[in-house]
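The values are calculated or read from the model by the stated rules, or taken from the named source; none is laboratory data. Since we're looking at a predicted model, the values are computed, not measured. Here Cβ is always computed from backbone atoms with ideal geometry, including for glycine, and neighbour counts include all displayed protein chains. Only protein heavy atoms, including side chains, enter the accessible area calculation; ligands, DNA and RNA are left aside. Shrake-Rupley method; radii C 1.70, N 1.55, O 1.52, S 1.80 Å.
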Amino acid sequence: MSTVTFRVFRGDRNGGELKDYTIEVQEGMVVLDAIHQIQAEQAPDLACRWNCKAGKCGSCGAEVNGKPTLMCMTRLDTLDTSKPVTVRPMKTFPVIRDLATDVKWNYEANKKIKPFTPAPNTDWIMFQEDVDRVQEFRKCIECFLCQNVCHVLREHDEKTGFIGPRLLVRTASLEMHPLDVENRLDMLKNEGGIGYCNITKCCTEVCPEHIHITDNAIIPLKERVVDEYYDPILGFFRRLFGS
Ligand code: SF4
Ligand code: F3S
Ligand code: FES
């Protein structure tokens, strides 16, 4: 058993400050355990969101020592506990209180994506390799850590022009679905703002499900948009036939 100090944000959307809590920790603890222990012993009003404690519900995202991560999957023995461990809420979304942020913007932006649309009278037969391709995207737990770290969303308060990596992953899961016949390229080019992504790959680095967000979702979608709207030969025929 040893003693560790946690420097935790306390406040709301009007402001706040970091407060120190020193607790005794035990082998095997994760940051979420420490937050629960602080709630139990020193600050029963400390707000944080969590559900599964297994890295599957996506609720407990926070910035631990400045790195966006799931608190329930961040073991204390991976951190330098000789210094205070800083725990802040996700920076890109408004704070509700303490470590809980308001992520409803993501659900609003999600409405821009047309739902799964199979062809009429589809026979529902799929090749395994096509299933495997979209399966990666279905692992998303909607933790929004990728949205939190993407500089395009982080630096624009209104966030109106770009749906962000999580929603590009969702769009990829639909666009690459072997039975889907809907076309979402216009949405991607315009209100989805895929052109704003300059492939920094910060989103991929923080994804707890290790989804290859940039390489497997965003870049193939960018290629489809370029083929559709900027290919000179396709553009010529589009102008010729007025489509
Ligand atoms: Fe979280 Fe990864 Fe899904 Fe983004 S893509 S919301 S980081 S699980
Ligand atoms: Fe943002 Fe990821 Fe693109 S961090 S800029 S969506 S590669
Ligand atoms: Fe569910 Fe952390 S509590 S992902």
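When the residues of segment 54-70 are filtered to those that are under 11 Å from Val31 (Cβ atoms) and away from ligand 1 (no atom under 14 Å from the Cβ), the one that is surrounded by the fewest Cβ atoms within 10 Å (Cβ to Cβ) is Asn65. When segment 1-38 is filtered for residues that are without any contact (Cβ under 8 Å) to a residue 60 or more places away in the chain and surrounded by fewer than 16 Cβ atoms within 10 Å (Cβ to Cβ), the ones remaining, listed by number, are Met1, Thr3, Asn14, Gly15, Glu17, Thr22, Glu24, Gln26, Glu27, Gly28.
Would a scan of segment 10-21 turn up a residue that is within 16 Å of ligand 1 (Cβ to nearest atom) and either among the aliphatic types (A, V, I, L, M) or part of a loop (DSSP other than H, G, I, E, B) (or both)? No, the conditions are met nowhere in segment 10-21. Which one is nearest to the chain's Cα centre (by Cα) among residues in segment 138-185 that are away from ligand 2 (no atom under 14 Å from the Cβ) and within 19 Å of Cys197 (Cα to Cα)? Step by step, filter segment 138-185, then rank; the result is Ser173. Scanning segment 151-174 for residues that are more than 17 Å from Leu221 (Cα to Cα) and polar (S, T, N, Q) yields one hit, Thr160. Might you check whether a residue that is within 30 Å of Leu185 (Cα to Cα) and outside any helix (DSSP H, G or I) occurs anywhere in segment 69-83? Checking segment 69-83: not a single residue is within 30 Å of Leu185 (Cα to Cα) and outside any helix (DSSP H, G or I). Restricting Thr204, Thr200, Thr214 to those that are β-branched (Val, Ile, Thr), touching a Lys or Arg at 6+ places or on another chain (Cβ under 6 Å) and either under 28 Å from Cys60 (Cβ atoms) or surrounded by 18 or more Cβ atoms within 10 Å (Cβ to Cβ) (or both) reduces the list to Thr214.
With respect to the stated conditions, Ile211 fails to be more than 10 Å from ligand 1 (Cβ to nearest atom) and among the aliphatic types (A, V, I, L, M). The helices (runs of 4 or more DSSP H) found wholly in segment 107-172 and carrying at least 3 residues that are open to solvent by less than 40 Å² (accessible area, probe 1.4 Å) and modelled with pLDDT of 95 or more occupy 145-149. Taking segment 64-87 as the range and being within 16 Å of ligand 3 (Cβ to nearest atom) and in contact (Cβ under 8 Å) with a residue 60 or more places away in the chain as the test, the residues that pass are Lys67, Pro68, Thr69, Leu70, Met73, Leu76, Val87. With respect to the conditions (1) out of contact with any strand residue (DSSP E or B) (no Cβ under 9 Å at 6 or more places or on another chain); (2) near ligand 1 (Cβ under 8 Å from one of its atoms); (3) touching a residue at least 60 places away in the same chain (Cβ under 8 Å), Val206 falls short on a single one, namely (1).
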